Amino acid sequence: MLGITALAIVAVALVSYFLGCCNSSIIVSKYLLGDDVRNHGSGNAGLTNFYRVYGKKNVVLVILIDVLKGLISCLIGGAILGSLAGWPVLGRYIAGLFCLLGHVFPCMFGFRGGKGILSGGAIVLMLDWRIALVVWGLFLILVAVSRMVSLGSMAAAIAFPIMTWVIYRSWILLAISVCISILILWRHKDNAKRIAHGEENKLEFHE
């Protein structure tokens, strides 16, 4: 039984990673627009840079792909580990971590991906509505006040493991959530430096 469970965890991790590799900003910019979003703006393959470079056209498709891969990963992880070992929550957390790893380090795109915020937001919704309420609420409030997506993203990343511990009191879930948080914070290290120096770009709405 332990062997089967271990194989199931590996399967969830691999499926989630490759789903995460389907980076919507890269896919849409390369195969629909004949360009590469990573060659423009901040060089990041994420929704914010995509919007700044190309405007709102095709943004809905970018959002849809990144949200769906997070949702599907968590559904698969929860279903597999839930049915085999009775660990649906752990399955969703594992799936979420590896989906984000795929998004940030996509093997088919030279391991140059996004920062994981959109997919991470979808994953949080699948994990627990109470955690999502705090994480999303903090993100939206800070972005609305500061117009800095990066600031809201980093605050949400910090809140995520805290809320995971508050809700579940599980060391393994805490460890996974800390890994997710560190991954997102690491991808935002340059943003943090710009915020500290008052040089961070602010969100502007355009066509």
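When the label point is put 7 Å from the Cα of Ser170 along its Cα-to-beta-carbon vector, which residues of region 90-108 have a backbone N closer than 18 Å?
Hits in region 90-108 for Ser170 at 18 Å: 90-100.
Calculate how steeply helix 171-187 sits against the longest principal axis of the alpha-carbon atoms of the chain, using the helix alpha-carbon long axis, and give the answer as 0 to 90 degrees to the nearest 10.
20
Normalised radius of gyration for region 71-170, please: alpha carbon Rg relative to 2.2 N^0.38 Å, two decimal places.
Dividing the Cα radius of gyration by 2.2 N^0.38 Å gives 1.12.
Given contacts defined as C-alpha pairs under 8 Å and at least six residues apart, what's the relative contact order of the chain, whole-number percent?
Answer for the chain is 21 percent.
Using the heavy atoms of the protein chains and a 1.4 angstrom probe, tell me the accessible area per residue for the chain in square angstrom.
Counting only protein heavy atoms, the per-residue value for the chain is 49 Å².
Can you give the net charge of the other residues whose Cβ lies under 14 Å from the Cβ of Ala196, counting K and R as +1 and D and E as -1?
0
Taking the chain as a Gaussian network, where each spring joins two C-alpha atoms under 10 Å apart, which residue of Leu90, Leu142, Leu32 fluctuates the most?
Leu32
Place a label point 7 angstrom from the Cα of Lys56 along the Cα-to-Cβ direction, then list the residues of region 177-202 whose backbone nitrogen is under 19 Å away.
The answer is 202.
Leaving out ligands, DNA and RNA, and with a 1.4 Å probe, what % of the accessible surface on region 10-141 is carbon or sulfur?
Looking at region 10-141 in its full context, I get 74 percent from C and S.
Packing-wise, with mean Cβ within 10 Å as the measure, how do 81-88, 192-199, 155-162 rank, highest first?
155-162, 81-88, 192-199
For region 14-115, just say rounded, prolate or oblate: build the C-alpha gyration tensor, square-root its eigenvalues into a ≥ b ≥ c, call rounded for a/c under 1.5, and beyond that prolate if a/b exceeds b/c, oblate if not. Don't skip to the answer; put the middle values down first.
Values: a/c = 3.00, a/b = 2.31, b/c = 1.30.
Here region 14-115 falls in the prolate category.
What pairs from Lys30/Lys189; Lys115/Lys193; Lys56/Lys202; Lys69/Lys202; Lys69/Lys115 go past 19 Å between their alpha carbons?
Lys30/Lys189; Lys69/Lys202
Of the labelled options [x] 0.98; [y] 0.94; [z] 1.05, which one gives Rg/Rh (Cα atoms, Kirkwood Rh) as computed for this structure?
Matching the structure shown: [x].
What ³J(HN,Hα) values, in whole Hz, does the Karplus curve 6.51 cos²θ - 1.76 cosθ + 1.60 give for region 117-129 when θ = phi - 60°, with x put for Gly and Pro?
So the J values, rounded to whole Hz, are 6, 5, 5, x, x, 5, 5, 4, 4, 7, 7, 6, 5.
The values are calculated or read from the model by the stated rules, or taken from the named source; none is laboratory data. From a predicted model like this one, the values you see are computed outputs, not experimental measurements. Neighbour counts are summed over all protein chains in view; Cβ atoms, including those assigned to glycine, are modelled from backbone coordinates with ideal geometry. SASA here: full protein model, heavy atoms, side chains in, ligands and nucleic acids out. Shrake-Rupley method; radii C 1.70, N 1.55, O 1.52, S 1.80 Å.
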